[in-house]
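These notes concern the structure reproduced below.
The values are calculated or read from the model by the stated rules, or taken from the named source; none is laboratory data. The structure presented is a predicted model; accordingly, all values stated were derived computationally and were not measured. Glycine gets a Cβ as well: all are built from the backbone with ideal geometry, and neighbour counts include every protein chain shown.
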Amino acid sequence: MEFSDNLLCLFSSEIDHRDGSYTIEIPEREVELGDLEPDRSYRIAMIPQARTQPDSNPDAAEESTQATVESDPPVAEGDHRTVEIETIGDQGDGIARVERGYVIIVPDTDPHERVEIEIMSVADTVAFADVIERYEDHE
């Protein structure tokens, strides 16, 4: 999956049902710290979160795994990224996801924290990064 160079932000959100329609909440920090402006229209891309249970169609799961393995990681050592920490892993480190659901492990971070990172090491399925800057407004 490729993303446009015009990508303004990337964050995780849930779809809520309210008053007969569905809404996606945009974190306040994306407007205050990012490039989004209220009362403007934007194109939205929906990417499903990585599954935690096996796919009901084993052939589709195998094809998806093969496509991911055959692709180069979307980051390289020395890259700087601004990411949102989605969750904390078993070892207590923050976990962020970027293109194609690629996982970046970021020590000493909290869920929903927005940080600028430097990629320190890269493997086929995961990268490790250090925090360069923390953004004050996080949930």
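General observations
- Test: residue in the stretch 70-87 that is surrounded by 10 or more Cβ atoms within 10 Å (Cβ to Cβ) and at pLDDT below 80: yes
- The stretch 115-139, residues that are in a strand (DSSP E or B) and in contact with a Lys or Arg (Cβ under 6 Å, 6 or more places away or on another chain): Val115, Ile117
- Gly92 being of a type in the set (Gly, Ala, Ser), surrounded by fewer than 19 Cβ atoms within 10 Å (Cβ to Cβ) and out of contact with any Ser or Thr (no Cβ under 9 Å at 6 or more places or on another chain): yes
- Residue check for Glu30: at pLDDT below 65 and not in a loop (DSSP other than H, G, I, E, B): no
- Only one of the numbered conditions (1) out of contact with any Phe, Trp or Tyr (no Cβ under 8 Å at 6 or more places or on another chain); (2) in contact (Cβ under 8 Å) with a residue 12 or more places away in the chain; (3) of a type outside the set (D, E, K, R); (4) assigned to a strand (DSSP E or B) is not met by Ile104, and that is (1).
- Conditions (1) modelled with pLDDT of 80 or more; (2) surrounded by 15 or more Cβ atoms within 10 Å (Cβ to Cβ): number failed by Pro107: (2)
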